[in-house]
1. Taking 0.36 nm per intervening residue step and subtracting the Cα-Cα distance, what contour gain separates residue 172 from residue 255 on full extension?
2. Looking at the chain, send over the antiparallel percent of its DSSP beta bridges, to the nearest 5.
3. Considering only C-alpha atoms, what is the centroid distance from segment 356-397 to segment 261-285, in Å?
4. Would you mind putting 97-105, 238-246, 353-361 in packing order, based on average other-beta-carbon counts within 10 Å, highest first?
5. Just to be sure I understand the model, the point goes 7 Å from the Cα along the line to the Cβ. What's the resulting residue 385 to residue 328 distance in nm?
6. Can you compute the equivalent ellipsoid semi-axes for segment 1-132, i.e. the square root of 5 times each eigenvalue of the Cα gyration tensor, sorted largest first and rounded to whole Å?
7. Can you give me the distance in nm between label points at residue 317 and residue 262, each placed 7 Å from the Cα along the Cα-to-Cβ direction?
8. Between residue 189 and residue 300, what is 0.36 nm times their sequence separation minus the Cα-Cα distance? Round to one decimal in nm.
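What follows draws every value from the coordinates through simple rules; no lab data is involved. Computed from a predicted model, the values in this text were never measured in an experiment. Note that we place each Cβ from the backbone using ideal geometry, even for glycine, and neighbour counts take in every protein chain shown.
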Ligand code: NAD
């Protein structure tokens, strides 16, 4: 295919293309952040489900380049074709393989539907053949829908309040204006569907499949990600449909924890991560406005972290070999500790009440949010020549 000059194609919270060189540069900069912390261990087997973007990709990098881990990554991404670029997660993963191979690190990736029995079987086959028992399972899926492997029913998740409608302050990403979104409450079937997609059932299926095949090492840890957030996003997040799914994920993880403790002396854990700009979080009403305030407030206090800092902390302080996870009263790791600091949340709560279109530029960094969002797709990344045509057909090994 001829070389292409790639311009971003963005509508609202969706970007339909990606820049391969920008994605590679993003990947490399996360590798550099990890390498700058020094080697933290040697010889770990890690399976990451949802490994191509956001938290899952950062966890894969933290494991490989911090602990010399052999990694198997599972994700659902679009390769290039018909004149279209690949998705960002696809290019990220191509770049991950390049970096891993340059560093002599084993890596294998499976691109397909992680909810299906077939992909689980294929993944377990590769783990068995190439790795042996895994020390760490990271479960970082974020998906709008799931085809249930037993019933064949397609469940679609929704982002809605539960019980009563909510009027939510938000940012219109097309106009860049503060708006209010009126959201009706979810029906019971919408709540059930969201729990079916983003709840804990699939995490349980992955963990038990590994356990049943003898593919969890002694002391293995299985980690899934959750979010709580401040009062001002509770209506749409924690008390909404996605919050119901996270409660289900957390309850499932407690059951899995008992099982892993008894069977392999291991642990199943939930890590409550910080709010960050990712493809998944851009779709949640209120969250882009919240992030446009959170990033500058945390940066001003030298408390800001991107996914890679969060995942390095997760592995180095909590779930890496020989580490003991520090847990809250509900048994969860709290990587959102800095986000939830009283001084940070008081400042955001003040700005949140005050913010209007007139003072938006002073109280929130919307341009910064937009740049951060574009960077997810490889645009506005330092060191990339966007005027130059580039090869968009790049493939996973
Ligand atoms: P993301 O959109 O960046 O990544 C989602 C990953 O899931 C990608 O690798 C994608 O390819 C993969 N995926 C989606 N559907 C798939 C399928 N059917 N089969 C295989 N792979 C599939 O998401 P993220 O924001 O990093 O979220 C990951 C987890 O972290 C979620 O549980 C989310 O709730 C949680 N979390 C996110 C935030 C945040 O602010 N972004 C904060 C706290 C917790």
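1. Numbers: separation 83, 0.36 × 83 = 29.88 nm, distance 4.02 nm.
So the chain would gain 25.9 nm between residue 172 and residue 255.
2. Numbers: 15 of 42 bridges.
Roughly 35 percent of the DSSP beta bridges within the chain come out antiparallel.
3. A separation of 25 Å, based on Cα centres.
4. Values: 97-105: 15.0, 238-246: 22.7, 353-361: 12.1.
Result, highest mean first: 238-246, 97-105, 353-361.
5. 4.8
6. Numbers: eigenvalues 131, 74, 30 Å².
In descending order the semi-axes read 26, 19, 12 Å.
7. Computed distance between label sites residue 317 and residue 262 equals 3.3 nm.
8. Values: separation 111, 0.36 × 111 = 39.96 nm, distance 4.31 nm.
Taking 0.36 nm per residue and subtracting the Cα distance, the gain is 35.7 nm.
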